[in-house]
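The values are calculated or read from the model by the stated rules, or taken from the named source; none is laboratory data. Remember, it's a predicted structure, so these values are computed and weren't measured experimentally. We place every Cβ from the backbone using ideal geometry, glycine too, and count neighbours over all the protein chains shown. When the accessible area is computed, the model is the full protein with side chains, heavy atoms only, and any ligands, DNA or RNA have been set aside. Shrake-Rupley method; radii C 1.70, N 1.55, O 1.52, S 1.80 Å.
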Amino acid sequence: MAERKDLIILGAGPAGLTASIYASRFKIDHLVLGEEPGGYMNESHKIENYPGIPSIAGTELGQKMREHAESLGSLISQEKISSLSSNKEGLFSIKTRKETHFAKKVILATGTVFRKLNVPGEDELAGKGVSYCATCDAPFFKDKKVAVVGGGNSALGAAMLLSQYAREVVIFYRADKLRAVPAYIEQTKKRGNIKTAPETNVTQIKGTNKVEQLALDNEYEKEREPSFDGIFIEIGSVPDTGYLENLEIEKDERGYIKTKADQLTSVQSLYAAGDITTNSNGFRQIITAASEGAIAANAVYQELN
């Protein structure tokens, strides 16, 4: 049997890394399992709402959090989680692609995954002009014409980053107005190469070996199938809970895990923190994820002692 831990934290984003920082300070024997340290932060071009840090790249903030956690003795293993279950010994069993881990307590902090458009051509052209990460792929579209789908903060953030490389950026969104925070909308309007197309949906992505055209349900500049070199899909995310199939855990109608004030789920000794939960009034921000991670670690400490 693999080594047992008092606590295993699933996820290495702001919730998981903060939980680890507090677990180290509480002297809890623990391990962090996360496919990508930094999590969703790595896809944020700029973060300008984290207290004490006026502006910082998402990758840099993620790296700083990781270094902070490791400086306190945190062990972070980059592993993809396959399943989580409980056994007769009262332990949780966490299977990854590498091995099986066991723990008395678990904090779920795996966050969310990108939501797809689910239109023809999306899967076929993924990585060939279809992208879900502007931070990762923007430099490949220098002097190109690209589309961004979505009207929220992530979509406008992606558009602003892309505007530094692309010749033209067009934001398609289904509502009659943008839903992002006013600061993002104001910044977007100042970019001369960003255009908006309200009440317009992409119904198909066309191309042979790469993105060439988008089929729309409304005309854009008098065309139903305008030419584009790439499309960035920024329509939100869904909770990453696929590995929980072996556990009966209470969720809301959208799949987010219900938690109590101390981040405890409906399963004893199983906690959840960050974007995966129903807490913090659904305000899914780095600061609220970190807060929930700290609360969960404190609750684990209280339970262990």
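Assorted remarks:
- Take the Kirkwood radius over Cα pairs of the range 156-305, plug it into Stokes-Einstein at 20 °C and 1.002 mPa s, and you get 115 µm²/s for translational diffusion.
- Ranking 287, 185 by solvent-accessible area of protein heavy atoms (1.4 Å probe, all protein chains present), from largest to smallest, gives 287, 185.
- Annotation note: GluC sites (Glu not before Pro) in the range 37-110 located in DSSP loop regions with a Cβ neighbour count of at most 14 within 10 Å are 48, 89, 99.
- Tilt relative to the chain, helix 153-162 - C-alpha long axis, 0 to 90 degrees, to 10: 60
- Global form of the range 1-142, assessed from the alpha-carbon gyration tensor, a/c cut-off 1.5: oblate
- For residue 113, the accessible area of its heavy atoms, probed at 1.4 Å with every protein chain present, is near 60 square angstrom.
- Hydrodynamic analysis of the chain uses the Kirkwood radius over alpha carbon pairs. Inserted into Stokes-Einstein at 20 °C and 1.002 mPa s, it gives a translational diffusion coefficient of 105 µm²/s.
- Rounded to the nearest 10 Å², the accessible area of residue 154 at probe 1.4 Å: 60
- When DSSP beta bridges are restricted to pairs lying wholly in the chain, around 40% turn out antiparallel.
- Qualifying chymotrypsin sites (Phe, Trp or Tyr not before Pro) for the range 219-305 [loop in DSSP, other Cβ within 10 Å: at most 14]: 283
- Legend: residue pairs 95/260; 46/142; 142/206; 189/210; 64/189; 46/189, Cα-Cα distance threshold 24 Å; pairs beyond threshold, 95/260; 189/210; 64/189.
- Shape annotation for the range 229-305: C-alpha extents along the principal axes are 58, 30, 19 Å, from largest to smallest.
- The range 12-63 shape via C-alpha gyration tensor axes, a/c threshold 1.5: oblate
- Exposure check, 1.4 Å probe, all protein chains in place: residue 278 carries approximately 50 Å² of accessible surface.
- Prolate/oblate/rounded call for the range 128-214, Cα gyration tensor, a/c under 1.5 rounded: oblate
- For the residues 71, 85, a 1.4 Å probe over the protein chains yields an accessible-area ranking, largest first, of 71, 85.
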